[in-house]
Amino acid sequence: MVYLTEMHKITILQMIGYGDRTRTQAEVVRLFQEKYPELSPISQGTVSKIEKQFRERGHVRQLKKKNPPNKLKNPHTSSCQTTSALNISHSSILRVLTENQMHPYKLVPTNELAEDDFDCFTNRKVLFSDIYIYT
């Protein structure tokens with residue numbers, strides 16, 4: 001497979017032409033090989049992909065990948081640890097996490113009520129019963 005720079009792709013688009021002055025893919029392959037003999041040969045499929053990419057996007061630049069850094073993929077590191085490891089602001093870390101549908105908090109599953117939970121429920125029940133009885 002041939003790696004083509006942005007300039008090579010633009011040259012291919014110029015060789016294709018536009019309007020009623022277009023060339024076939026075979027002609028473009030031949031012209032490209034004549035202009036750049038040091039590169040390995042390109043195929044008609046390559047020319048077709050470059051033309052399709054230009055028609056769909058309006059440019060031939062390589063798209064940036066949206067994968068987060070590997071340090072962000074570890075679910076066991078906190079956002080503060082990630083901030084210090086990558087030297088990025090905390091708000092940037094949180095923004096990247098939300099863009100990648102990750103959550104900056106840890107859920108702690110429990111099978112029973114904690115000590116604090118009981119007091120909260122008891123207070124509400126007492127308050128409800130007092131209101132019900134005395135009104």
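Candidates in the stretch 1-21 are the residues that are over 16 Å from LEU39 (Cα atoms) and either within 26 Å of the chain's Cα centre (by Cα) or of a type outside the set (Ser, Thr, Tyr) (or both); of these, the one that is surrounded by the most Cβ atoms within 10 Å (Cβ to Cβ) is ILE16. Screening ARG30 against (1) exposed (fewer than 10 other Cβ atoms within 10 Å of the Cβ); (2) over 29 Å from the mean Cα position of the chain (by Cα) leaves a single unmet condition, (1). All conditions but one from (1) in a helix (DSSP H, G or I); (2) surrounded by 12 or more Cβ atoms within 10 Å (Cβ to Cβ); (3) free of Cβ contacts under 8 Å to residues at least 40 places away in the same chain apply to ARG55; the one that does not is (2). Counting only residues that are at pLDDT below 75 and either closer than 30 Å to ILE50 by Cα or among the basic types (Lys, Arg) (or both), the stretch 61-104 holds 7 of them.
The values are calculated or read from the model by the stated rules, or taken from the named source; none is laboratory data. Computed from a predicted structure; not experimentally measured. Because the Cβ atoms are built from the backbone with ideal geometry, glycine has one as well, and the counts that use them run over all protein chains shown.
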